[in-house]
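Take a look at the structure set out below.
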Amino acid sequence: MPAVFLKDRSLLSVSGAEAQSFLQNLITTDIISLEAGEARPGALLTPQGKILFDFMIWQEGDGYTIETDAGQRDGLLKRLTMYKLRAAVTLAPRAEDGVTVSWGEGAEGVRDSHGVWDSRFAKAGVTLIRQPGKHGDGEEALYHALRIAHGIVTSGQDFALQDAFPHDVLMDFNGGLSFRKGCYVGQEVVSRMQHRGTARRRVVTVSAATALPETGTEISAAGKPVGTLGSVEGDHGLAIVRIDRAGAAIAAGTPLLAGETPLSLVLPQWSGLVFPTSADEASA
């Protein structure tokens, strides 16, 4: 069972009598439906509907734990504090540094000892457990290879904060985006995208016959931009692309290139998405 310590993750505690309603009315995740032991993705959006902060969230006792990138923690804490006003909510950084992720045979046993299962991986058929603190010494590249294989993105490597909508990173399919719970910051924009079917940018897994170029390399077809390469591990990676443009290129047999490197693009199977063959057929 691989157990990989992610040192660049940090934790926040959200507790108090109004913790649930405070978060439910603010973030994209429907936390009322969270199952015991489930870690679900989520985001705090800008009023324009773009991802300002992204994280995992789970219930712990009468409150909630938020796991985010260490570089985001202080900014997220400050923003949540700004929204708190007079709510009966206590916001505080957790003492633990980093998070350990475990998967494969024996992972369920880790869950039984205070770990939580990551619902994003569960949708891809993988039991992956997240646990605060350091509980393993596996190579971090193992975890990144796993998430690349299953189309699971991370901010900073795969997309820039304040530059992506939740639909772009498949939050409408991975449980991190609710369309039923009512208003939250940015909700009107993402609901309009959902109902009008205007989502065009999507996560794809990328492969090549040789090593892929570096993160940030433009992906093109017939000289026109299609998307941008994100996380890379050898000849496999992730990208966010315009699936209407990519689908048209695939249908026409036009090579898709990252720089000069020919690519194969696949939409994550768990999303149920397919490449449209024309712009008119692109849908969410």
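The values are calculated or read from the model by the stated rules, or taken from the named source; none is laboratory data. Remember, predicted model here, so these are calculated numbers, not experimental data. So basically every Cβ, Gly included, is an ideal-geometry build from the backbone, and we count neighbours across all protein chains shown. Heads up: the accessible areas ignore ligands, DNA and RNA and are worked out on the full protein's heavy atoms, side chains in. Shrake-Rupley method; radii C 1.70, N 1.55, O 1.52, S 1.80 Å.
Within region 1-79, the GluC sites (Glu not before Pro) that combine a DSSP coil assignment with at most 12 other C-beta atoms in a 10 angstrom radius are E35. Taking amide H positions as modeled 1.01 Å from N, with prolines and chain starts lacking one, the residues under 5 Å from I219 and 5 or more places away or on another chain are V226, G227, T228, L229. Beta bridges per DSSP, both residues in the chain: antiparallel share near 95 percent.
In this calculation the C-beta distance from E218 to A36 is compared with R0 = 41 Å, giving a FRET efficiency of 0.40. Across all directions, the average flat footprint of the convex hull enclosing the Cα atoms of the chain is 14.4 nm².
At each listed q (0.11, 0.23, 0.24 Å⁻¹), what is the log10 of I(q)/I(0) that the Debye formula gives for region 114-193 modelled as equal alpha-carbon point scatterers? Values returned for q = 0.11, 0.23, 0.24 Å⁻¹ are -0.38, -1.22, -1.27. Between D74 and E60, the modelled label-to-label distance comes to 2.1 nm, taking each label 7 Å out from Cα in the direction of the beta carbon. Structural size metrics of region 200-271, computed from C-alpha coordinates, are Rg and Dmax of 10.8, 31 Å.
Across region 154-165, coupling constants 3J(HN,Hα) worked out from phi with the 6.51/-1.76/1.60 Karplus curve, θ = phi - 60°, read 9, 5, x, 9, 10, 7, 9, 4, 6, 10, 10, 8 Hz, and Gly and Pro carry x. With 0.36 nm allotted per residue and the present C-alpha distance subtracted, the D137-T277 stretch has 45.9 nm of extension available. With a 1.4 Å probe rolled over the protein heavy atoms of all chains, the accessible area of H150, H144, H167 falls in the order H150, H144, H167, largest first. Over the residues of the chain, the helix contribution to mean residue ellipticity at 222 nm works out to -6000 deg cm²/dmol, using -39500 (n - 2.57) for each DSSP H run of at least 4. Along the chain, the longest continuous region that contains none of the trypsin sites (Lys or Arg not before Pro) in a DSSP loop with at most 10 other C-beta atoms within 10 Å is 181-284. Each part reduced to its alpha carbon centroid, region 206-284 and region 143-187 end up 18 Å apart.
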